[in-house]
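Below is one structure, written out as structure tokens, with a few remarks after it.
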Amino acid sequence: MGSKRKRQEKKKDFQKAKLKVGKTAKKPDNFTDTSFTAKSISLPNQSVSKKSSSGPVDLSHQISLTKHHSSQTRKEVLGFIENHLPSNPSLYKQIITATIPLITDLSPGVRLALVSLLKACANKQSGLLELHMRSIVLFLNSAMTHIQPDIRASSTSLLEILVDLAPEPLVKGYFVKVLKSYYALLSWPLTGDRKAVSLAVNSNGSLGGGKKSRAQHIRILRKFLNAALDEDAAKKSVLSIDWSQVNVPHHTTPNFMIPQIPQAFSSFKFFVDELPSSTSKAASENTKEGEYSLREAETMSTEDIHTRQKIMKDVFLNSILKNLANASKEGGEIGIEANGCIETINALKKSSDSSENQ
């Protein structure tokens, strides 16, 4: 009896079930539903081909956005770069090259963000401004002589950073250029020509800028002249040698050493180009014998303080004091800054004269 039951159960496995119309076949017990659709899950932060967000930020895309058409985007990109400055010094060349042209940007927010970025870069990487001083001063002079008044008004903010963080390479290489740009910035006549004086008087309000910006320009001019002409600052230079602290065979030995300064014999005018120059001819016509003319000063190296002091005395001193005296008559913040600048120049002149007499 048991064997008959087993045979019937085995037959069930090979019997085909009869289906009724409209009814589906019964699903077996081990049926697996495969009708679902699989969805992909994206995990870019865990990709092995990309850097993790916890590591250093790739700034290549942000650097390219410094040329974006939107001023708000350019401003935000500069702020992002400032907050994510890399530790790798090689990347700072790309940052400086891409961002320094923004000093002439039409948006004041972008220019302000650039000044903040350059200051942060200089504080993080020592010697950065010295390496890129040439390109920075190029765009600085462009901003100081720009056709847009608001760009000229904010140009000396960059100059103040250079004076505070990298004064030595600035004054040694670009003393004359920066001073000439200051005359154009403040609409001061560099020559005694009547036409130049008339142009300066008529354009004092338009080209010179507002009172607040002009006061800032004069304040930074005072710092620049102090950094360029101060004897104490020059003695603290790494390259200067105090011969009084050096043991020498004879007290006249330093006079026979190789000169430490360039153009040590410039007073003899061995290699001075005497051809007339259209840019500086008017300023050089009334030059006395033994004095530097503006045309000569433009071609000279100003690496030593004595050359800068003589250029200041022969070329710029009288005109700067005259223009500052006119500015002091305006009173207010401009008058205060102008009087302070005059005091600084007179003190530097007195110190220079005393050192020459010794």
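Derivation of every value follows stated rules applied to the coordinates shown; laboratory data play no part. Every value quoted in this text rests on a predicted model; they were computed, and no experiment measured them. Methodologically, a virtual Cβ is constructed for each residue, glycine included, from the backbone with ideal geometry; neighbour enumeration extends over all protein chains shown.
Order of His61, His68, His146 from fewest to most other C-beta atoms within 10 Å? Each step should come with its number before you reach the end.
Values: His61 9, His68 13, His146 18.
Lowest to highest Cβ neighbour count: His61, His68, His146.
How large is the Kirkwood hydrodynamic radius of segment 299-357, in angstrom, based on all distinct alpha carbon pairs? Walk me through the numbers before you get to the answer.
On the way: mean 1/r = 0.0803 Å⁻¹.
For segment 299-357, the Kirkwood estimate is 12.5 Å.
What ³J(HN,Hα) values, in whole Hz, does the Karplus curve 6.51 cos²θ - 1.76 cosθ + 1.60 give for segment 301-318 when θ = phi - 60°, with x put for Gly and Pro?
8, 10, 6, 9, 5, 5, 5, 5, 5, 5, 4, 4, 5, 7, 10, 10, 4, 4
Express in nm, to one decimal, how much length is gained between Ala17 and Thr37 on full extension, taking 0.36 nm for each residue of separation and deducting their alpha carbon distance.
Working: separation 20, 0.36 × 20 = 7.20 nm, distance 3.09 nm.
4.1 nm is the gain from fully extending Ala17 to Thr37.
Could you please report the charge total around Ala215, scoring K, R as +1 and D, E as -1 over all other residues with beta-carbon less than 15 angstrom from its beta-carbon?
Working: positive: Arg152, Lys211, Lys212, Arg214, Arg219, Arg222, Lys223, Lys329; negative: Glu160, Glu330, Glu333, Glu337.
Around Ala215, the charge tally is +4.
If I stretch the segment between Asp150 and Lys177 completely, what's the gain in nm (0.36 nm per residue apart, minus their alpha carbon distance), one decimal?
Details: separation 27, 0.36 × 27 = 9.72 nm, distance 2.11 nm.
Length gained between Asp150 and Lys177: 7.6 nm.
Mind running the shape call on segment 72-166? Use the C-alpha gyration tensor, a ≥ b ≥ c as the square roots of the eigenvalues: rounded below 1.5 for a/c, prolate if a/b tops b/c, oblate otherwise.
Working: a/c = 1.96, a/b = 1.30, b/c = 1.51.
Oblate.
Gain in length, Ala325 to Val57, computed as 0.36 nm per residue apart minus the alpha-carbon separation, to one decimal in nm?
On the way: separation 268, 0.36 × 268 = 96.48 nm, distance 5.24 nm.
Contour length minus Cα-Cα distance gives 91.2 nm.
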